[in-house]
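Remarks on the structure that follows.
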Amino acid sequence: MKKIFIITSLSILLFSCGSKENTSNIDNLIESKNITELKSKRAAIQADLAKIDEALASMEKKTEEALVETLVLKDTAFNHYLEIQGSVDTKENILVQPEFSGALVSFNAKAGQRVVKGQVLGRIDDGGMGQQLAQIQTQYELAKTTFERQKRLWDQKIGSEIQYLQAQTQMVSLQKSLGQMRAQIAKTVIKAPFTGVIDEVFVERGQVVAPSQQGLMRIVNLSNMYVSTSVPETYIGKLKIGSEVDVFLTSLGKTYKGKVRQVGSYINPNNRSFGIEVSVPNPENLLRPNQVAKLKIIDYATKNAIVVPTNVIQEDASGNKFVFTVTNANGKVGTAKKVLVKLGKSSDNVTEVLSGLAAADIVVTEGANTISEGMKVTF
């Protein structure tokens, strides 16, 4: 017992002396201001520290068993989406304006009424133009008869050429006047410009209207709806007419399948984007102009991809991306292995793995933060 005590005491003494001697040497180097020697000493100390860290990591390595959840990888289709916001609209949404000034002598339009293209919805007082039209019609018929008779005589070489030309000019002039009068009277008739639903009515029968006023009514066609938005110019070439688009209406909580029907040919220099239009079906008539829509457009697709849940991907101190897999699986027990991976695009909470993993690999999905390389795991 006495010998053991002496040996221990001597060890402590020697360690203490070595430590003091070490400190003394470092102090001497600092006082000597020898930069080369100081750098060399620092490198030696850092190398010793690295060895100590490695030894500690090995000695402190977890060897206990952990319970995890896993996923067996397989080839699957993977789509990446461009997600942007747009606005619902329709080309057939207009205010019907009066084309003639006068009182509404008839008006049978009501809000909510469904109308067809060309349907007469009202008439404006023509101010006597109907009578003028009848007079011109009578004059035209007389001029036409006169011309036809004069033509028959001229064909028989009877009469003068000037009489024939005057009759022809009179008839043509009245024919044009008749057309112009009919066109003016047509402006007094209010017709539906397209098939749709009257959304609002702004006037009543008997009211005096004019082309300069706000409008008579608003007609909307909800069967030809589309979503318009702007896309960054980096997606030129990736969007084509006919490309399928998921259109999510936030106000309805519904997703519709649409297709790109128009791709802009002009880049806006202010935001470096171009416009697109996506046609959207509206079987339930729930879409309305100016609704907010979120578009998901496929800009990358592959039929055979290896994908993992995005939340299982980790990053080490060196910036490398990795996941844990299970190797040497025997039943429901195996060994955890750290696998470096090269990643592709992410979409819908999954990420494509370009290299590092293959089909049939077992990836740890739950409990990955509690395990380390070589640990025994149960799954």
Determine whether Lys257 is modelled with pLDDT under 90, farther than 30 Å from Leu104 by Cα and either part of a strand (DSSP E or B) or not β-branched (Val, Ile, Thr) (or both).
-> no
Here are some conditions: (1) within 30 Å of Gly112 (Cα to Cα); (2) modelled with pLDDT of 90 or more; (3) aliphatic (A, V, I, L, M). Ile267 meets all but one. Which one does it not meet?
-> (1)
Residue list for region 166-205, filter: surrounded by 13 or more Cβ atoms within 10 Å (Cβ to Cβ), over 45 Å from the mean Cα position of the chain (by Cα) and aliphatic (A, V, I, L, M) | Ala167, Met171, Val172, Leu174, Leu178, Met181, Ile185
Do we have Lys338 as in contact (Cβ under 8 Å) with a residue 24 or more places away in the chain, of a type in the set (D, E, K, R) and loosely packed, with under 15 Cβ neighbours inside 10 Å here?
-> no
Of these, Pro289, Pro309, which one is out of contact with any His (no Cβ under 7 Å at 6 or more places or on another chain), closer than 30 Å to Asp89 by Cα and touching a residue at least 40 places away in the same chain (Cβ under 8 Å)?
-> Pro289
Any hit, region 305-318, residues being modelled with pLDDT under 90 and among the small types (Gly, Ala, Ser) = yes
Could we say that Ile219 is within 22 Å of Leu104 (Cα to Cα), out of contact with any strand residue (DSSP E or B) (no Cβ under 9 Å at 6 or more places or on another chain) and β-branched (Val, Ile, Thr) here?
-> no
Filtered residue count, region 101-154, keeping only those that are touching a residue at least 24 places away in the same chain (Cβ under 8 Å) and outside any loop (DSSP other than H, G, I, E, B) = 25
For region 347-377, enumerate the residues that are part of a strand (DSSP E or B), charged (D, E, K, R) and buried (at least 17 other Cβ atoms within 10 Å of the Cβ).
-> Glu352
In the set Val203, Val231, Val197, the lone residue that is modelled with pLDDT of 90 or more, under 30 Å from Ile297 (Cβ atoms) and among the aliphatic types (A, V, I, L, M) is Val231
Would you mind finding the one in Val197, Val203, Val172 that is part of a helix (DSSP H, G or I) and of a type in the set (Val, Ile, Thr)?
-> Val172
Determine which single condition Leu82 fails, assuming it passes every other condition in (1) assigned to a strand (DSSP E or B); (2) modelled with pLDDT under 90; (3) more than 34 Å from the chain's Cα centre (by Cα).
-> (3)
Search result, residues across region 300-319 that are surrounded by fewer than 17 Cβ atoms within 10 Å (Cβ to Cβ) and closer than 26 Å to Leu239 by Cα = Tyr300, Ala301, Thr302, Lys303, Asn304
Test Ala329 against the criterion of being free of Cβ contacts under 8 Å to residues at least 12 places away in the same chain, assigned by TED's automatic domain parsing to the domain that holds Ala359 and either surrounded by fewer than 13 Cβ atoms within 10 Å (Cβ to Cβ) or more than 30 Å from Ser87 (Cβ to Cβ) (or both), and give yes or no.
-> no
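The values are calculated or read from the model by the stated rules, or taken from the named source; none is laboratory data. As the structure is a prediction and not an experimental result, all values here were calculated from the model. Cβ atoms come from the backbone with ideal geometry, glycine included; neighbour counts cover every protein chain shown.
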